Each structure stands twice: as structure tokens, then as C-alpha cells.
1. Considering the range 99-111 alone, what residues qualify as being in a helix (DSSP H, G or I) and either surrounded by fewer than 11 Cβ atoms within 10 Å (Cβ to Cβ) or of a type in the set (Phe, Trp, Tyr) (or both)?
2. Could you list, in sequence order, all residues of the range 38-89 that are over 30 Å from Leu104 (Cβ atoms), in contact with a strand residue (DSSP E or B) (Cβ under 9 Å, 6 or more places away or on another chain) and of a type in the set (A, V, I, L, M, F, W, C)?
3. Tally time: how many residues in the range 67-87 are modelled with pLDDT of 85 or more and in a loop (DSSP other than H, G, I, E, B)?
4. If I ask for residues that are farther than 18 Å from Leu107 by Cβ and in contact (Cβ under 8 Å) with a residue 12 or more places away in the chain, which ones from the range 16-37 would you list?
5. It is to be established whether one or more residues within the range 45-52 are touching a residue at least 24 places away in the same chain (Cβ under 8 Å), surrounded by fewer than 10 Cβ atoms within 10 Å (Cβ to Cβ), within 30 Å of His12 (Cβ to Cβ) and not aromatic (Phe, Trp, Tyr).
6. Can you tell me which of Gly117, Gly64, Gly26 is closer than 30 Å to Arg15 by Cβ and either surrounded by fewer than 11 Cβ atoms within 10 Å (Cβ to Cβ) or at pLDDT 85 or above (or both)?
7. For residues that are surrounded by 12 or more Cβ atoms within 10 Å (Cβ to Cβ) and either without any contact (Cβ under 8 Å) to a residue 12 or more places away in the chain or out of contact with any Ser or Thr (no Cβ under 9 Å at 6 or more places or on another chain) (or both), tally how many sit in the range 67-98.
8. Go through the range 12-37 and count every residue that is of a type in the set (Val, Ile, Thr) and under 30 Å from Ala101 (Cβ atoms).
Amino acid sequence: MDAPAFRPGRKHVRRSTVTISRDPCGRWYVSFAVEVPEPAQLPATGTAAGVDLGIKDFAVTSGGEKIPNPRRLARRECNLARYQRRLARCRENSANHPVSAPCLSTLSQPGPSASCGR
């Protein structure tokens, strides 16, 4: 497979492998592995920075900046429970079972939450 370079001006980046895969939900993924030279060391600034990870706030920096917790896991768990209940109410050979099953498998996959066709 002959693919174009990532950026035309970057001649020191060499593509080593490209993997194309498809998950059970039908989504396609492309993985690139590249070889790059070791980057140049940046000069020291003489200051240190701290980051505190937590539950209420996702992160708090040493400068006092608070990054809120997106709470995506709670939202995904709620959707997953709803689609599991919906699938449990469907009979196995009914017309709605093949529609509800992919919705459940889409939500159980990692990545951005997908919308269901129902």
C-alpha cells in the first residue's frame, strides 16, 4: 500500500508499518507506526509545575487552574444499562433483536460514545 507522506515538509519521518483493522461493530481503524529521530533537548526554565489528579476536579495545576471532570464514564454506564434492558425485553428471533444488539455492542466498545439508530 503506497500512502502519501504525513507532512510534505517532514522528510526525516519514516513510516514503518500501517495496520488497517475493523472491530465487531463495523468501525474501521488505521494505525501508523513511524520512525523519527530523537528530538533536541529544550533548555531548562528553572521552574517546576505540579498537577493534582482528583475525582471532583479532573486536574488542578500548580497555578490554580481547575480542569473539570467530564464524567463520561457515568454517562456511558447509564446508556449501557438502558440498552441492556432494551435487549433483555426483545425476544431472540424477533425483528427488534437484530436492531438492539448492535447498539449494545457499540456502547461496550472503547472510544467515543456512538449513537444508536433507534
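The values are calculated or read from the model by the stated rules, or taken from the named source; none is laboratory data. Note that the structure is predicted; figures quoted are calculated from it, not measured. Here the Cβ is made from the backbone with ideal geometry for all residues, glycine too, and neighbour counts use every protein chain on show.
1. Answer for the range 99-111, where residues must be in a helix (DSSP H, G or I) and either surrounded by fewer than 11 Cβ atoms within 10 Å (Cβ to Cβ) or of a type in the set (Phe, Trp, Tyr) (or both): there is none.
2. Correct list: Ala49, Val51, Leu53, Ala59, Val60, Ile67.
3. Residues flagged as modelled with pLDDT of 85 or more and in a loop (DSSP other than H, G, I, E, B) within the range 67-87 amount to 0.
4. Ser16, Thr17, Val18, Thr19, Val30, Ser31, Phe32, Ala33, Val34, Glu35, Val36, Pro37
5. So far as the range 45-52 goes, no, none of its residues is touching a residue at least 24 places away in the same chain (Cβ under 8 Å), surrounded by fewer than 10 Cβ atoms within 10 Å (Cβ to Cβ), within 30 Å of His12 (Cβ to Cβ) and not aromatic (Phe, Trp, Tyr).
6. One residue alone meets the criteria, Gly26.
7. The number of residues fulfilling the criteria is 7.
8. Going through the range 12-37 one residue at a time, the tally reaches 3.
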